[in-house]
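Contents: one structure, followed by commentary.
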Amino acid sequence: MDALRPLITAALAARQNAYAPYSRFLVGAAVLADGAIFAGSNVENAAYPQGQCAEASAIGAMVTAGKRTLSCVVVVGTGEALCTPCGGCRQRLREFGAPDLPIHLVGEDGALRRTVTLADLLPLSFGPDNLGLNHD
Ligand code: THU
C-alpha cells in the first residue's frame, strides 16, 4: 500500500484538474511505467463524443515521455460506485499492459477500494502479441 501512495496522490491531483462540465464526473488516473508516474484527467467536450477518459490522458502522457510498458494503474472516480475503466480504456490499457497488470480502484478520499487485474476486466483480450508485436 505504501508503494501505491505516490500513484494515488498523482491520480487525486489529476482528478482535481479534470474538465468534466457536462457529466460532472471527475476522474483522475495515474500509471507507473519504468518507475515513473504519469497522470491524466478526463477531458470532456461540447461535442460529447470527443471527450477523453482519464486513462487515455495518462497513457498519452506516458507515451509522450517515451515509455511503453505499464506496471501499475490507479483510477479515482466520483461518488460511491467503483470507477472501473470503460471498455475502450480496457483495450487502451491492453496495448501497453500485460494481462496481470494491477488496476487499483480508489475512492475520492484516497482509500483503496478494490484491486483487479487487466485480465479480470478484459478476459481473452486481443493485444499487440496477437499481431506478433512485442514492444519491450
Ligand atoms: N470516465 C473516465 O475518465 N474514466 C473511466 O474509467 C470512466 C469514465 C469519464 C468519461 C466521462 O468524462 C465521464 O467519466 C463520465 O462518463
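Label the range 31-90 by shape, choosing from rounded, prolate and oblate, from the square roots a ≥ b ≥ c of the eigenvalues of the Cα gyration tensor; if a/c is under 1.5 it is rounded, and otherwise prolate applies when a/b is larger than b/c, oblate when it is not. Cα axes put the range 31-90 in the oblate bin. Per-residue ellipticity at 222 nm, computed for the chain from helices alone with -39500 (n - 2.57) per DSSP H run of at least four residues, works out to -8000 deg cm²/dmol.
Placing R0 at 25 angstrom, the Cβ-Cβ distance between Tyr48 and Gln91 gives a FRET efficiency of 0.80 after rounding to 0.05. Working from label points 7 Å from Cα in the Cα-to-Cβ sense, the Ala13 to Leu112 distance is 2.1 nm.
Distance between Cα centroids, the range 56-85 to the range 87-125: provide it in whole Å. One Cα centre to the other: 9 Å.
Residue separation of Glu80 and Asn134 scaled by 0.36 nm, minus their Cα-Cα distance, works out to 15.6 nm of gained length. Each pair of Cα atoms in the range 1-75 enters the Kirkwood radius, and Stokes-Einstein at 37 °C and 0.692 mPa s then converts it into a translational diffusion coefficient of 268 µm²/s. Converting phi to 3J(HN,Hα) with the Karplus coefficients 6.51, -1.76 and 1.60 and the offset θ = phi - 60°, the range 95-100 yields 4, 10, x, 7, x, 8 Hz in sequence order, with x at every glycine or proline.
When DSSP beta bridges are restricted to pairs lying wholly in the range 28-136, around 80% turn out antiparallel. What is the range 5-131 by shape, rounded, prolate or oblate, if you read a ≥ b ≥ c off the alpha carbon gyration tensor as root eigenvalues and call it rounded for a/c under 1.5, prolate for a/b larger than b/c, and oblate otherwise? The shape class here is rounded.
We did not get these values from a lab; they are worked out from the coordinates using the rules stated. All values derive from a computational prediction rather than experimental measurement. Note: ideal-geometry Cβ built from the backbone for every residue, glycine included; neighbour counts use all protein chains shown.
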